[in-house]
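Visitor: Sharing a structure, written as C-alpha cells. Questions coming.
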C-alpha cells in the first residue's frame with residue numbers, strides 16, 4: 001500500500017469516527033439500539049431469536065455436535081499450547097531477525113491491513129464470525145439459556161459478529177452480587193452444558209473450514225498447468241541490471257524470444273547476444289523486456305547477513321564480486337567453488353567491480369563445519385537476480401497432497417495449512433491464484449464452463465476455509481477472553497474433584513490455574529512477536 005492510499009484511508013477513518021461520535025452524542029444511534037466503543041459500532045437485534053428457535057429444534061443432534069466440538073477444542077488446545085510454547089523457546093534460542101511477519105499490521109487477522117491476507121478474504125472473515133456466534137446462539141437455546149441479543153461489530157466495514165447470552169444463566173454469576181446466583185427459578189447452565197455452548201463456536205468454524213477446503217481442493221483437480229515449468233525471480237539486488245530493467249522480486253519469467261519459459265542455463269547463455277524476456281509481475285501483468293547483449297562479469301550480492309563476516313567488513317547488497325584472493329569469479333558456480341575450499345578463521349580478500357577490496361575473516365559455516373562462511377547471498381543470474389525453477393505441475397500436485405496429510409491427522413499437515421499463506425511461492429506457499437498463478441494454469445473439464453472465474457471462486461473458498469480453520473484453532477487457546485479459557489476451566493473441574501472436595505476451594509484452584517496458564521500463553525505469543533526487534537537492537 002503506497003503512502004497516498006494510506007493517507008486516504010486515514011482521512012476516511014477519521015471522517016467515519018467523527019460521524020459516529022456526532023450520531024452517538026445526539027442519541028441517534030441509541031434510538032436504533034446501536035452502542036459504540038470508540039469507533040466500533042455494536043449493532044444489536046432481538047429479531048434473530050426466532051431464527052435460533054427454528055435452528056435448534058433437533059436438540060439431540062446439536063448436543064452431539066457440541067460434544068464433538070468440545071473434544072476437538074481440547075485436542076486443538078493442547079496442539080496450540082505446545083506450538084506456542086515451542087515457538088517461544090525456538091525464538092529465544094535462535095534469536096531470529098524481524099521479518100514481515102513481525103510487523104504490527106500483520107499481528108491482526110484483518111484482510112487488507114495484514115499484508116499476507118488479500119481483500120477477498122473479507123468474505124471468509126465475516127463468515128467465520130457469523131458462524132462462530134450463531135453456533136453459540138443455537139446451543140444457548142438448546143440448553144435453555146436466554147439470548148439477550150445478537151448483532152454485528154462494524155467499523156466502516158463489518159469486522160465481526162456477537163451473540164449475547166445471559167451471563168447469569170451461563171456462568172451462574174450475579175453481576176449485582178458478584179456471587180453464584182441462588183435463584184432456583186432461573187436455570188443456570190451445568191458445567192457440561194456450559195462447555196457445549198462455549199465449544200459450539202469452534203465446532204462451527206471447523207465444519208465450515210472442512211466444507212470450504214474440500215471444495216477448494218476439488219477445484220485443484222479441475223485445473224492443469226499451461227507449461228511444465230517457468231522461472232521464479234526470488235530476489236533482485238539493488239542497483240543491479242535486473243533492477244534497472246524493472247524486474248521485481250517474486251515475479252515470473254514465462255517466455256524468452258517469443259517462445260515458452262526458458263531454463264536458467266538457456267537464459268544465461270543468451271545474455272551475450274541479447275534477449276527478449278516475457279515477465280509476469282506480481283499484479284498479474286505481462287510485459288516484454290529487451291535485455292541488451294554484452295559481457296556481464298562477476299556475481300552480484302543480493303543479501304548480506306547481519307552480524308556475519310561480510311557485514312562486519314562493510315560489504316553491501318548490490319556490490320559485484322569479481323575476484324576472491326587470486327581467483328577470478330565469473331559466475332555463481334565460481335563463487336561456491338571458491339567458498340568450498342575455505343576453512344573457518346581463514347582471511348580472504350574480496351575484490352569488487354569498481355575497485356573496492358575487502359579483507360574478511362571467515363566464520364564457521366552453519367551447514368558444513370569444516371568450511372568457511374562469508375554471510376552473503378549471491379545472484380545465480382548475471383543480471384543480478386536469484387532465479388529458481390518453478391515446476392508448475394509439481395507445485396499443483398503438492399497442493400493436492402495437503403488433504404491426505406490432514407486426513408492422516410499429521411501435525412505437519414496442520415502446520416502446513418496454517419502457514420500456507422505466509423510461505424513464499426518458492427517454499428510451497430499459497431495465498432491466491434489471482435493475480436499471478438491464474439496465468440500459469442487453465443481450467444479443464446466441467447470447470448472450463450466457469451472460465452477464469454474458477455480461480456476467483458477457488459480464492460474465496462480457500463480464504464473461507466483458512467480463516468475459519470485459523471479462528472477455530474486460535475479460539476481454542478486457553479487465553480482470556482477466548483472460549484478456550486472457559487472450556488479449560490471446566491475441564492479442570494473433574495480432575496481437581498479427585499483431590500479437592502470443597503466446591504469453593506476447587507473453583508478457586510481451577511480459576512488460579514486457568515489464569516496462570518492464560519498469562520504464560522499470552523506472554524509466549526507476545527514474546528514471539530516482539531523479541532526479534534529486541535534481539536536486533538542488542
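Visitor: Have a look at 383, 396 and point out the one that is under 29 Å from residue 274 (Cβ atoms), outside any strand (DSSP E or B), touching a residue at least 24 places away in the same chain (Cβ under 8 Å) and in contact with a helix residue (DSSP H, G or I) (Cβ under 8 Å, 6 or more places away or on another chain).
Guide: Only one candidate qualifies: 383.
Visitor: Here is a follow-up. Examine segment 270-292 for a residue that is over 27 Å from residue 337 (Cα atoms), buried (at least 17 other Cβ atoms within 10 Å of the Cβ), over 31 Å from the mean Cα position of the chain (by Cα) and touching a residue at least 60 places away in the same chain (Cβ under 8 Å), and state whether such a residue exists.
Guide: yes
Visitor: Looking at segment 334-342, is at least one residue within 20 Å of residue 306 (Cβ to Cβ) and in contact (Cβ under 8 Å) with a residue 40 or more places away in the chain?
Guide: For segment 334-342, residues within 20 Å of residue 306 (Cβ to Cβ) and in contact (Cβ under 8 Å) with a residue 40 or more places away in the chain: absent.
Visitor: Which numbered condition trips up residue 242, out of (1) closer than 30 Å to residue 254 by Cβ; (2) part of a helix (DSSP H, G or I); (3) in contact with a strand residue (DSSP E or B) (Cβ under 9 Å, 6 or more places away or on another chain); (4) at pLDDT 90 or above?
Guide: It is condition (4) that residue 242 fails.
Visitor: For segment 401-421, indicate whether the set of residues that are touching a residue at least 40 places away in the same chain (Cβ under 8 Å) and in contact with a strand residue (DSSP E or B) (Cβ under 8 Å, 6 or more places away or on another chain) is non-empty.
Guide: Taking every residue of segment 401-421 in turn, none turns out to be touching a residue at least 40 places away in the same chain (Cβ under 8 Å) and in contact with a strand residue (DSSP E or B) (Cβ under 8 Å, 6 or more places away or on another chain).
Visitor: Report yes if residue 359 is surrounded by fewer than 18 Cβ atoms within 10 Å (Cβ to Cβ) and either free of Cβ contacts under 8 Å to residues at least 24 places away in the same chain or farther than 18 Å from residue 222 by Cα (or both), otherwise no.
Guide: yes
Visitor: Tell me which residues, restricted to segment 92-107, are without any contact (Cβ under 8 Å) to a residue 24 or more places away in the chain and within 10 Å of the chain's Cα centre (by Cα).
Guide: Selection gives 106 alone.
Visitor: Among the residues of segment 117-168, write down those that are at pLDDT 80 or above, surrounded by fewer than 18 Cβ atoms within 10 Å (Cβ to Cβ) and out of contact with any strand residue (DSSP E or B) (no Cβ under 8 Å at 6 or more places or on another chain).
Guide: Matches in segment 117-168: 123, 144.
Conditions tested, residue by residue: (1) surrounded by fewer than 21 Cβ atoms within 10 Å (Cβ to Cβ); (2) not assigned by TED's automatic domain parsing to the domain that holds residue 110.
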site: 424; (1), (2): yes, yes
site: 437; (1), (2): no, yes
site: 456; (1), (2): yes, yes
site: 469; (1), (2): no, no
site: 474; (1), (2): yes, no
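Visitor: Identify, from the list 265, 248, the residue that is assigned by TED's automatic domain parsing to the domain that holds residue 426, surrounded by 14 or more Cβ atoms within 10 Å (Cβ to Cβ) and without any contact (Cβ under 8 Å) to a residue 40 or more places away in the chain.
Guide: Sole residue among the options that is assigned by TED's automatic domain parsing to the domain that holds residue 426, surrounded by 14 or more Cβ atoms within 10 Å (Cβ to Cβ) and without any contact (Cβ under 8 Å) to a residue 40 or more places away in the chain: 248.
Visitor: Between 230, 188, 208, which is under 30 Å from residue 136 (Cβ atoms) and either in contact with a strand residue (DSSP E or B) (Cβ under 6 Å, 6 or more places away or on another chain) or outside any helix (DSSP H, G or I) (or both)?
Guide: Answer to the selection: 188.
Visitor: Condition first: within 27 Å of residue 516 (Cβ to Cβ), assigned to a helix (DSSP H, G or I) and in contact with a helix residue (DSSP H, G or I) (Cβ under 6 Å, 6 or more places away or on another chain). Can you find one or more residues in segment 53-70 that meet it?
Guide: Looking for residues that are within 27 Å of residue 516 (Cβ to Cβ), assigned to a helix (DSSP H, G or I) and in contact with a helix residue (DSSP H, G or I) (Cβ under 6 Å, 6 or more places away or on another chain), one finds at least one in segment 53-70, hence yes.
Visitor: I need the full set of residues from segment 487-519 which are over 20 Å from residue 71 (Cβ atoms) and in contact (Cβ under 8 Å) with a residue 40 or more places away in the chain, in order please.
Guide: Within segment 487-519, just 518 meets the criteria.
Visitor: Considering only segment 39-71, how many residues are buried (at least 18 other Cβ atoms within 10 Å of the Cβ) and modelled with pLDDT of 90 or more?
Guide: Residues in segment 39-71 being buried (at least 18 other Cβ atoms within 10 Å of the Cβ) and modelled with pLDDT of 90 or more: 5 in total.
Visitor: Here's something else I'd like to know. Search segment 524-538 for residues being without any contact (Cβ under 8 Å) to a residue 60 or more places away in the chain and more than 19 Å from the chain's Cα centre (by Cα), and hand back the single one that is nearest to residue 101 (Cα to Cα).
Guide: 534
The values are calculated or read from the model by the stated rules, or taken from the named source; none is laboratory data. Quick caveat: nothing in here was measured; it's all calculated off a predicted structure. Cβ: placed from backbone, ideal geometry, glycine included. Neighbour counts: every protein chain shown.
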